[in-house]
There are 2 protein chains.
Amino acid sequence: MDEAADRTLPARNGRAARVTIHDVARASEVSIATASKALSGQGRMAVATRERVKEVAKALSFRPNAIARALLKQRSFTIGLLTDDTYGRFTLPVMAGISEALVDRGVSVFLCSVERDSAVGQSHVDAMLEKQVDGIIASGKRLDRRLSVDLSVVDVPVVYAYCEGPEGSIGFVSDDRAGACLAVERLMALGRRRIAHVTGPADFAVVPQRARGFAEALARAGLRPFTEHPMVGDWSEAWGFAAAERLLADPAGRPDAVFCGNDQIARGLIDALTLRGVAVPGDIAVVGFDNWEIFAAATRPPLTTVDMNLKDLGRHAGLTLLDLVEGRPVPPGVRALPCRLVVRRSCG
Amino acid sequence: MDEAADRTLPARNGRAARVTIHDVARASEVSIATASKALSGQGRMAVATRERVKEVAKALSFRPNAIARALLKQRSFTIGLLTDDTYGRFTLPVMAGISEALVDRGVSVFLCSVERDSAVGQSHVDAMLEKQVDGIIASGKRLDRRLSVDLSVVDVPVVYAYCEGPEGSIGFVSDDRAGACLAVERLMALGRRRIAHVTGPADFAVVPQRARGFAEALARAGLRPFTEHPMVGDWSEAWGFAAAERLLADPAGRPDAVFCGNDQIARGLIDALTLRGVAVPGDIAVVGFDNWEIFAAATRPPLTTVDMNLKDLGRHAGLTLLDLVEGRPVPPGVRALPCRLVVRRSCG
DNA sequence: TCAGTTTGGGAAAACGTTTTCGCAGCCGGT
DNA sequence: ACCGGCTGCGAAAACGTTTTCCCAAACTGA
């Protein structure tokens, strides 16, 4: 054991040489085969031997080299995460979920942002493949847009999380239609009947989805939307503000609730209502969508809103990729995962 | 060549077997040694041979196995990025900078969020070390806080980016004092003389730093702050709003400019001023800090603010880590990198 | 023709693991 | 005494590279 202990000869330009399983074997006076089996719990051997090896390994603070193992097993326990969401609003929770699901399986995650330039994106993908990632997760900021790189030809499994994938791929998205139902049902349960929908640009896939959930929930209750069509604008506070003024100016009367397409719109809308002396939720209840804390928790009153469970979505994507990597069959198609209503005070 | 071309026998549970340098060598009718040298540009050989090997490699779409190379060279071309900034406000730009600086050097980045629980953080670090990262960058959401994991004992180089490190370590932070000077100098250049400072909690290191820059810039111009001490509150819009009302209520008169400790405060302050009929920037000019686009671009008028150049900070951290990894000497200490004033309309 | 030099290319070791196979030694049963 | 089976452990191959020699063959000059 002392023989190995003083083997801290400098190497690797100044840093201590790594301690390998050879060192452990030598110090335990067994072969490397036995050392390996002792540490991995495989193989037959005297329990005394196994314990001795384990103790020596700990004493030397042996850390197995995952690179060597990866080379042998053809499996790197590493995946790549691609995203075009520089801002991180959507990708970060997804990433957290992936990471959480995979870390205790020993899988690490390479993160790359691909932006719009597909050349640098492709070089990122190449780097990942050279590093022998076991699989790739593609993620984005819009679930109706593809990434700028083509992943259909890579020879490792790919899953798409909050991002459009090619035909026949495996994807996870949030079920925005059902999420919208949740919101509207809540409003109706609180006795609201004249419910308006103020939302974002119609070319975002989520806009018709949320609108459909809104319409369906109302229809099931035998109600009609307050305005015949959802009021579409952009995703800004300014639009929410303007929409509120339009609603208040309507001679046909006021809604008693508004379901907003996202939290920024809700924020602007609430600001406008408050400014006009309309009580929220007293006169008009408001529900948002996204649960973007920085907005939802800062509005007065705090905003009831739909959370897309992005972390959960990430967990599912991670576990599914693992299934694929380990050869378990996964049917193709995109799964819509449920949203969750976060109740705060803006809905009464 | 056909001999190798039909060697696409299935392996790796269903997926095509990887093409290795052996395949390239066989198809080019050279040894693997020659193939390696041909592809890497090393060694002497007939130019015809080199070209032939290269063409065959391209035809087979050969991708060198970075794992094998890493094992041999004792260098994985991989680094770990640790962060406790789940929200990503600070880490994401830093990450983008790191990535940008390192990708064309062939270095990939493992991202891990460590949160507060140091046990899972430690397991992340262990996973990284087992995967033989060449170095680690620690990053956070507050430059006066340490990460929950101890990196002083790991045997790879570590640099700290927007995060406190142990004594004698290498770190990068933004020069908030100088950034504050920039802001105040701008206001003075525009003729403002009665400048107030509304900022966040004093236990954030950035608060005294920004306050010092504020005070110094004024002193250099022979001016005195509008209030004797900076007005401290929390980092919220609500505090900005309240501060505005306090300033307007002051019988001693109004300031003609306010330098805010962050963009949220600025946002609330502008809202309050506008509500009171005070023109921004006509009556009172406002400058923020952070350049958090979602706030800075959404205020009316758009907010002039100090950008911390976090992406640049990330680039520096990445390149410095690379220096360390490759054995180039780097003096210890923390470097304060300059901020940049982003001029929009709120300062006139 | 011969010695010396250059040129083109290959054999083999090395990196740190895991795993298969086999070999001693021992025990129990006949 | 001999055979079969079990136990404990080790030798060696394998993963895909890079790099260090080394060796032929070709060429050079006299």
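The values are calculated or read from the model by the stated rules, or taken from the named source; none is laboratory data. Everything numeric in this text was worked out from a predicted model, so none of it was measured. Reconstructed Cβ throughout: ideal geometry from the backbone, glycine too, with neighbour counts over all protein chains shown. Accessible surface areas use protein heavy atoms only, side chains included; no ligands, DNA or RNA. Shrake-Rupley method; radii C 1.70, N 1.55, O 1.52, S 1.80 Å.
Before moving on, here are some points about what is shown:
- Of the helices (runs of 4 or more DSSP H) lying entirely inside the range A:56-154, those containing at least 2 residues that are of a type in the set (Val, Ile, Thr) span A:91-103, A:118-130.
- The condition of being buried (at least 24 other Cβ atoms within 10 Å of the Cβ), aliphatic (A, V, I, L, M), touching a residue at least 12 places away in the same chain (Cβ under 8 Å) and in a loop (DSSP other than H, G, I, E, B) does not hold for B:Val159.
- Count of the range B:96-123 residues which are aliphatic (A, V, I, L, M), farther than 25 Å from A:Val19 by Cα and within 7 Å of chain A (Cβ to nearest Cβ): 3
- Residue in the range B:40-59 that is farthest from DNA strand D (Cβ to nearest atom), counting only those that are in contact with a helix residue (DSSP H, G or I) (Cβ under 6 Å, 6 or more places away or on another chain) and not charged (D, E, K, R): B:Val56
- When the range A:292-316 is filtered for residues that are under 30 Å from A:Gly333 (Cβ atoms), at pLDDT 95 or above and in a loop (DSSP other than H, G, I, E, B), the ones remaining, listed by number, are A:Met308, A:Asn309.
- Answer from B:Arg254, B:Arg276, B:Arg246 - the residue that is farther than 21 Å from B:Arg193 by Cα and out of contact with any Cys (no Cβ under 6 Å at 6 or more places or on another chain): B:Arg276
- Residue list for the range A:116-143, restricted to those being surrounded by 17 or more Cβ atoms within 10 Å (Cβ to Cβ), among the acidic types (Asp, Glu) and more than 17 Å from A:Asp323 (Cβ to Cβ): A:Glu130
- Scanning the range A:216-231 for residues that are outside any loop (DSSP other than H, G, I, E, B) and without any contact (Cβ under 8 Å) to a residue 12 or more places away in the chain turns up A:Ala219, A:Arg220.
- Check on B:Asp104, open to solvent by 60 Å² or more (accessible area, probe 1.4 Å) and away from DNA strand C (no atom under 16 Å from the Cβ): yes
- Residue count for the range B:69-88, restricted to those that are within 14 Å of DNA strand C (Cβ to nearest atom) and open to solvent by 70 Å² or more (accessible area, probe 1.4 Å): 4.
- Selected residue (criterion: modelled with the lowest pLDDT) from residues of the range B:1-34 that are of a type in the set (A, V, I, L, M) and within 40 Å of the chain's Cα centre (by Cα): B:Ala16
- Considering (1) in a helix (DSSP H, G or I); (2) assigned by TED's automatic domain parsing to the domain that holds B:Met231; (3) of a type in the set (Asp, Glu), the lone condition that B:Asp283 does not fulfil carries the number (1).
- For first residues located in the range A:41-60 and more than 14 Å from A:Val19 (Cβ to Cβ) and assigned by TED's automatic domain parsing to the domain that holds A:His22, partners that are away from DNA strand C (no atom under 12 Å from the Cβ) and in a helix (DSSP H, G or I) and lie 6+ apart or on another chain with Cβ distances below 8 Å form the pairs A:Thr49/A:Ser28; A:Arg52/A:Ser28.
- The range A:40-68, subset buried (at least 18 other Cβ atoms within 10 Å of the Cβ) and within 14 Å of another protein chain (Cβ to nearest Cβ), residue nearest to B:Ser76 (Cα to Cα): A:Ile67
- Residues located in the range B:15-39, provided they are near DNA strand D (Cβ under 9 Å from one of its atoms), of a type outside the set (A, V, I, L, M) and in a helix (DSSP H, G or I): B:His22, B:Asp23, B:Thr34, B:Ser36, B:Lys37
- Residue list for the range A:25-38, filter: surrounded by fewer than 17 Cβ atoms within 10 Å (Cβ to Cβ) and either closer than 15 Å to A:Arg63 by Cα or near DNA strand C (Cβ under 10 Å from one of its atoms) (or both): A:Ser31, A:Ile32, A:Ala33
- The conditions of being under 15 Å from B:Pro301 (Cβ atoms), open to solvent by less than 10 Å² (accessible area, probe 1.4 Å) and touching a Pro at 6+ places or on another chain (Cβ under 7 Å) are not met by B:Ile195.
- Any hit, the range B:188-198, residues being under 20 Å from A:Leu111 (Cα atoms) and either away from chain A (no Cβ under 14 Å) or assigned to a loop (DSSP other than H, G, I, E, B) (or both): no
- Some residue of the range B:76-93 being within 14 Å of DNA strand D (Cβ to nearest atom), at pLDDT 95 or above and away from chain A (no Cβ under 11 Å): no
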